[in-house]
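Asks: Here it is: the structure, laid out below.
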Amino acid sequence: MKKFKQFFYYLVSNADLNSYESFEDKKKSFLLHLFSYFFLVLMVSFIVYNSVTGDYAFLIANAFALLVSALLYYLFKEKKMLRFVTAFFVVTIMLLTTFFTQTGGIDRTGVYFALLIPLPTILLVGRKKGLLLLFVFVIVNALGFIFFYDESWYPHYNMENGVRLGIIFFLITLMAYVNEYAFEFLYRRIEKLSEALVHSQQSFKNLAVSKEHFVSLISNNLSDHIGGFAGIANLLNDEYDELDESQKRELIRTLANFSQQNFRLLQDLVKWSTTQTGAISYEPQAFKIEKIYRDVVELYNPQIEEKKLSFFLKMKSNSEVYADVDMAGAILRIFVSNAIKFSEVGGEVRIAAEEEGDNMRITVSDKGAGMSEENLLRVNSAVPFSTTGTFDEPGIGIGLILAKEFLQKNKGTFYVESTLGLGTVVSFTLPLVE
């Protein structure tokens, strides 16, 4: 038993599995390697027996089969012609077995070689192709029996034994088929598990990278916001009596702005953390884009009035989209907020919506500061960054990351184009109601 295990280990270790990527090819490589050794032992045994008995016709046939198998093994090992060699190897075995069956083989035992055919055929070429080849093999041998049965050289097999062998042939074929089916079923399960593990590994890597960027980004933003807040608060505390009323109001307005930015940063951090843990609820429903448009414009009306911006809505479709209302609202708020942030005084912001196949494409455009090519690349990547607006509004940097993740959950897409000094066009899609 120990020697058998060592021999089996030798076969496995020499199968050269690393030369093939797919699991199916690795399986074929191992089986072909295994069958080649067994075929070699079988043919050498036959040649020795034919030499002793003086059966030169079978000796020549076996020697030719051995040479062909040696050539195939060379192509398999050295040239890596796995699929060609696999098909040719199976066909060679079938032709050799057909020859033995139709000529009787050794003492009219050629028909027994047919029992060796189902396993290598189905395991090497697959269930469907394997069954087709076996069907052809059975038809060819049946025709030989019909046309040559009365010939003197044709072996007259015992019909009772032939029926028994036929039943065994069928059972071996069925076992090989079931084995291959079970293998494919388990392989698909393992493949799905492997893909899930790879996806999880990549997600953890992305999360680690995102965490590193976010920690750096958040620490810088918090340092700037809280430092500025503390500086102004100290100034008010130390020099309150020396400041005139307009200076006090300006400092208080700046404090309020810092407070709003810090609160917004905290809200975005909470949202981002819930998306990473999967705790955020996703409740898609049918609604019209105008619903969230009105809410967004009302929310940012103070900033719109402060910059004296013109707002336009162009709806080319009145169809409903199917998405999470809160997430869709957050996506539109993020893009409209950025459009306002980077617009000059007296500028304009446009929101357009039109059907595009099975989706609704929503576009937010402005004629503001625009972005450099470097910042445009950052927007299209997973790297968070922030820039100040035209009124020195501080950036947070998490908004675009959130928008992309919300779009992903709602089966949407994201696209942005921008030219420095000319403005930015951001568009995203949401699925239409079926």
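The values are calculated or read from the model by the stated rules, or taken from the named source; none is laboratory data. Keep in mind that what you see is a predicted model, and the values were worked out from it rather than measured. Glycine gets a Cβ as well: all are built from the backbone with ideal geometry, and neighbour counts include every protein chain shown.
Table: residues versus (1) in a strand (DSSP E or B); (2) assigned by TED's automatic domain parsing to the domain that holds Leu430; (3) crowded, with 21+ Cβ neighbours inside 10 Å.
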position	(1), (2), (3)
Ser343	no, yes, yes
Gly346	no, yes, no
Ala352	yes, yes, no
Ser365	yes, yes, no
Met371	no, yes, yes
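Asks: Another question, if that's okay. Here are some residues: Thr92, Thr103, Thr86. Which one is crowded, with 20+ Cβ neighbours inside 10 Å and of a type in the set (S, T, N, Q)?
Replies: On the way: Thr92 fails: crowded, with 20+ Cβ neighbours inside 10 Å; Thr103 fails: crowded, with 20+ Cβ neighbours inside 10 Å.
Exactly one of Thr92, Thr103, Thr86 is crowded, with 20+ Cβ neighbours inside 10 Å and of a type in the set (S, T, N, Q), namely Thr86.
Asks: Next question. Check whether at least one residue in the range 305-323 is among the small types (Gly, Ala, Ser), touching a Pro at 6+ places or on another chain (Cβ under 8 Å), farther than 22 Å from Arg253 by Cβ and buried (at least 19 other Cβ atoms within 10 Å of the Cβ), and report yes or no. Break it down into steps so the answer makes sense when it comes.
Replies: Applying the first criterion (among the small types (Gly, Ala, Ser)) to the range 305-323 yields 310, 317, 319, 323.
Retained after the next criterion (residues that are touching a Pro at 6+ places or on another chain (Cβ under 8 Å)): 323.
The next check asks that each one be farther than 22 Å from Arg253 by Cβ; those that pass are 323.
Remaining after also requiring buried (at least 19 other Cβ atoms within 10 Å of the Cβ): 323.
Within the range 305-323 (the criterion being among the small types (Gly, Ala, Ser), touching a Pro at 6+ places or on another chain (Cβ under 8 Å), farther than 22 Å from Arg253 by Cβ and buried (at least 19 other Cβ atoms within 10 Å of the Cβ)), the answer is yes, since at least one residue qualifies.
Asks: Do we find that Leu265 is farther than 22 Å from Met371 by Cα and either modelled with pLDDT of 85 or more or assigned to a helix (DSSP H, G or I) (or both) in this structure? Even if it seems obvious, please write down each step before you answer.
Replies: Values: farther than 22 Å from Met371 by Cα: yes; either modelled with pLDDT of 85 or more or assigned to a helix (DSSP H, G or I) (or both): yes.
In short, yes.
Asks: Looking at the range 362-376, can you tell me whether even one residue there is among the hydrophobic types (A, V, I, L, M, F, W, C), touching a Leu at 6+ places or on another chain (Cβ under 8 Å) and at pLDDT 85 or above?
Replies: Filtering the range 362-376 down to residues among the hydrophobic types (A, V, I, L, M, F, W, C) leaves 362, 364, 369, 371, 376.
Imposing the further condition that a residue be touching a Leu at 6+ places or on another chain (Cβ under 8 Å) reduces the set to 362, 364, 369, 371.
If we keep only those that are at pLDDT 85 or above too, we end up with 362, 364.
So far as the range 362-376 goes, yes, one or more of its residues are among the hydrophobic types (A, V, I, L, M, F, W, C), touching a Leu at 6+ places or on another chain (Cβ under 8 Å) and at pLDDT 85 or above.
Asks: Next up: Would you confirm whether any residue within the range 95-107 is over 16 Å from Met43 (Cβ atoms), modelled with pLDDT of 80 or more and of a type in the set (D, E, K, R)?
Replies: No.
Asks: Among (1) modelled with pLDDT under 80; (2) under 26 Å from Tyr187 (Cβ atoms); (3) assigned to a helix (DSSP H, G or I), where does Glu21 come up short?
Replies: Of (1) modelled with pLDDT under 80; (2) under 26 Å from Tyr187 (Cβ atoms); (3) assigned to a helix (DSSP H, G or I), only one is false for Glu21: (3).
Asks: Considering Val425, Val416, Val383, which residue is within 24 Å of Val325 (Cβ to Cβ) and either assigned to a loop (DSSP other than H, G, I, E, B) or modelled with pLDDT of 85 or more (or both)? Break it down stepwise before answering.
Replies: Numbers: Val425 fails: within 24 Å of Val325 (Cβ to Cβ); Val383 fails: within 24 Å of Val325 (Cβ to Cβ).
Exactly one residue qualifies, and that residue is Val416.
Asks: Output the qualifying pairs, or none if there are none: Cβ atoms under 6 angstrom, residues six or more apart or on different chains, first residue in the range 60-84 and among the aromatic types (Phe, Trp, Tyr), second residue at pLDDT 80 or above.
Replies: Filtered contacts from the range 60-84: Phe76/Val85.
Asks: Mind checking whether some residue in the range 90-108 is over 26 Å from Asn161 (Cβ atoms), over 52 Å from the mean Cα position of the chain (by Cα) and in the same structural domain as Phe137 (by TED's automatic domain parsing)?
Replies: No, the range 90-108 contains no residue that is over 26 Å from Asn161 (Cβ atoms), over 52 Å from the mean Cα position of the chain (by Cα) and in the same structural domain as Phe137 (by TED's automatic domain parsing).
Asks: Here's another thing I want to ask about it. Go through the range 54-66 and count every residue that is surrounded by 12 or more Cβ atoms within 10 Å (Cβ to Cβ) and over 56 Å from the mean Cα position of the chain (by Cα). Let's see the steps before the verdict.
Replies: Initially, the range 54-66 is screened for residues surrounded by 12 or more Cβ atoms within 10 Å (Cβ to Cβ), giving 55, 58-66.
Okay, now just the ones that are also over 56 Å from the mean Cα position of the chain (by Cα), so 55.
Within the range 54-66, residues that are surrounded by 12 or more Cβ atoms within 10 Å (Cβ to Cβ) and over 56 Å from the mean Cα position of the chain (by Cα) number 1.
Asks: Out of all the residues in the range 89-109, is one or more among the small types (Gly, Ala, Ser) and in a helix (DSSP H, G or I)?
Replies: Of the range 89-109, the ones among the small types (Gly, Ala, Ser) are 104-105.
Restricting the remaining residues to those that are in a helix (DSSP H, G or I) gives none.
No, because not a single residue in the range 89-109 is among the small types (Gly, Ala, Ser) and in a helix (DSSP H, G or I).
Asks: Might you let me know whether the range 125-132 holds any residue that is surrounded by 19 or more Cβ atoms within 10 Å (Cβ to Cβ) and on the phi < 0 side of the Ramachandran plot? Break it down stepwise before answering.
Replies: From the range 125-132, those surrounded by 19 or more Cβ atoms within 10 Å (Cβ to Cβ) are 125, 130; that's our starting set.
Restricting the remaining residues to those that are on the phi < 0 side of the Ramachandran plot gives 125, 130.
Within the range 125-132 (the criterion being surrounded by 19 or more Cβ atoms within 10 Å (Cβ to Cβ) and on the phi < 0 side of the Ramachandran plot), the answer is yes, since at least one residue qualifies.
Asks: Does the range 389-401 contain at least one residue that is modelled with pLDDT of 75 or more and of a type outside the set (S, T, N, Q)? Steps first, answer last, please.
Replies: So in the range 389-401, the residues modelled with pLDDT of 75 or more come out as 400-401.
Keeping just the survivors that are of a type outside the set (S, T, N, Q) gives 400-401.
Yes.
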